[in-house]
Amino acid sequence: MATFTVRGKNIEITPSLREYVEKRVGKVTKYFDSVGDIKVLLTVSKGRHIVEVTVPIPGGILLRGEESTMDMYTSIDLVVEKLERQISEKYQKYIDRYDLIGGLVLESEERAEKITNAANEKAEKLISDATQQTESMTQNAKKAAEQIVTETIATRDTLRDEAKKEAEKCLEAVQAEVDMKLAEGKRKYIAVQDEMNEIVELINQAQIRFMASYKEVHKIVSAMPETMQELEDEDRKNDGGKTAAAAAQRNRKTDDPEYGDDLDEEEEDFSEEELKQRVNR
């Protein structure tokens with residue numbers, strides 16, 4: 001639908017006048033598929049009613065017309081007739097060429113539309129096939145992934161069971177070694193305990209012998225004089241006895257030479273015994 005720009009100079013553009021202009025001038029648009037903005041200038045000057053019309057038509061051509069009468073409506077009718085004559089006389093060949101071009105364009109558009117529709121159909125089919133293929137591949141990939149997951153879980157369980165069994169074997173081996181070490185340690189402990197018992201027995205026997213020796217020593221010590229005076233008295237007593245015996249032996253020696261030799265031996269024995277006694281004291 002054509003658009004109109006209607007202006008007035010020294011005249012008011014009433015709605016009825018605008019409607020008449022658009023109705024009458026709009027008749028020229030039937031010759032074209034499309035036109036630009038139609039400009040209409042209505043002027044009243046010195047009693048004359050002037051109408052100027054400019055219509056942009058395809059091809060960059062401006063269709064112009066101007067009429068002047070004593071009546072504005074008459075001027076509008078006349079300028080429309082002038083525009084139609086121009087179209088018939090001057091611009092028909094352009095219109096025909098434009099129609100030809102328009103036909104070619106229309107044909108091209110129709111062909112393009114067909115090609116586009118065919119391409120769209122083909123693209124939709126390709127998209128549909130790709131979608132189906134993608135869905136199929138997705139399902140296959142999903143199944144493969146599920147299979148891999150299942151196999152992985154089974155492998156994991158198998159490895160876990162094998163590791164558990166191996167760990168149990170290691171634990172059993174370690175426990176057996178520990179038990180063996182404990183048994184060996186126990187045997188060594190018992191052997192050491194036996195040795196300790198033997199040592200204790202030896203110590204007890206030594207202690208018994210020591211106590212017996214101690215008692216004997218104590219008995220000897222108890223029989224010894226307690227003071228120096230007693231010791232001197234006992235020495236004098238022993239010396240007195242020995243002096244009398246020595247005198248008798250000397251007398252006997254004088255009478256019997258053999259007895260003298262025996263007496264000397266006894267004196268030597270007595271002296272040795274006396275020496276031992278003194279040492280014991």
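Output the residues belonging to the range 14-43 that are surrounded by 12 or more Cβ atoms within 10 Å (Cβ to Cβ), polar (S, T, N, Q) and assigned to a helix (DSSP H, G or I).
Thr29, the sole residue that qualifies.
Just for the range 12-43: of the residues that are among the aliphatic types (A, V, I, L, M) and farther than 17 Å from Asp77 by Cβ, which one is farthest from the chain's Cα centre (by Cα)?
Ile13
Which residue is nearest to the chain's Cα centre (by Cα), if the candidates are limited to the range 44-59 and must be under 15 Å from Val79 (Cβ atoms) and crowded, with 16+ Cβ neighbours inside 10 Å?
Val55
Evaluate the range 102-112: report whether one residue or more is within 30 Å of Thr54 (Cβ to Cβ), loosely packed, with under 10 Cβ neighbours inside 10 Å, at pLDDT below 70 and of a type outside the set (A, V, I, L, M).
no
Please work out if Asp33 is among the acidic types (Asp, Glu) and at pLDDT 95 or above.
Against the criterion (among the acidic types (Asp, Glu) and at pLDDT 95 or above), Asp33 does not qualify.
What do you reckon, is Lys142 modelled with pLDDT of 85 or more and farther than 30 Å from Val40 by Cα?
Taking the combined requirement at face value, the residue satisfies it.
Quick check on my filter: what residues within the range 1-17 are under 11 Å from Leu41 (Cα atoms) and of a type in the set (D, E, K, R)?
Arg7, Lys9
For the subset of the range 48-84 comprising residues that are out of contact with any helix residue (DSSP H, G or I) (no Cβ under 9 Å at 6 or more places or on another chain) and assigned to a strand (DSSP E or B), which member is modelled with the highest pLDDT?
Filtering first and then ranking leaves Thr54.
The values are calculated or read from the model by the stated rules, or taken from the named source; none is laboratory data. Just so you know, these numbers come straight off a predicted model, no measurement behind them. Quick reminder, even Gly has a Cβ in these numbers, built from the backbone with ideal geometry, and neighbours come from all protein chains shown.
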